[in-house]
């Protein structure tokens with residue numbers, strides 16, 4: 001399939017490819033240059049990072065120890081999908 005690079009350096013992925021792969025506006029793609037110069041695009045999921053200061057970490061620790069409340073389902077889902085940041 002032939003695509004062109006526009007003046008901003010962007011390419012357009014044909015709608016048939018986007019639909020087939022379930023790509024939508026805002027989908028993030030990892031670009032890798034393979035041996036021989038081939039380009040590979042891989043869809044990736046981006047999860048927000050939460051950074052807490054000392055006060056926030058203390059409150060989180062207290063909440064965990066209390067065992068009184070159940071974690072919101074959406075937050076539990078995000079945590080379940082989380083990975084380790086290499087940085």
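Where a number appears in this text, it was derived from the coordinates with a stated rule and is not lab data. None of these values were measured; they are calculated from a predicted model. Cβ sites come from the backbone with ideal geometry, for glycine too, and all protein chains shown count toward neighbours.
Here are the numbers for this structure:
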quantity	calculated
Between helix 54-66 and the chain: long-axis angle, C-alpha atoms, 0 to 90°, nearest 10	70 degrees
Relative exposure of 40, 21, judged by other C-beta atoms within 10 Å (fewest first)	40, 21
Cα principal axis extents for the chain, largest first, Å	59, 28, 25
Rounded FRET efficiency, nearest 0.05, which uses the C-beta distance separating residue 28 from residue 61 and R0 of 25 Å	0.20
Sorted by Cβ neighbour density within 10 Å, fewest at the top, the residues 1, 71	1, 71
Helical contribution to [θ] at 222 nm, DSSP H n ≥ 4, -39,500 (n - 2.57), averaged over the chain, rounded to 500	-9000 deg cm²/dmol
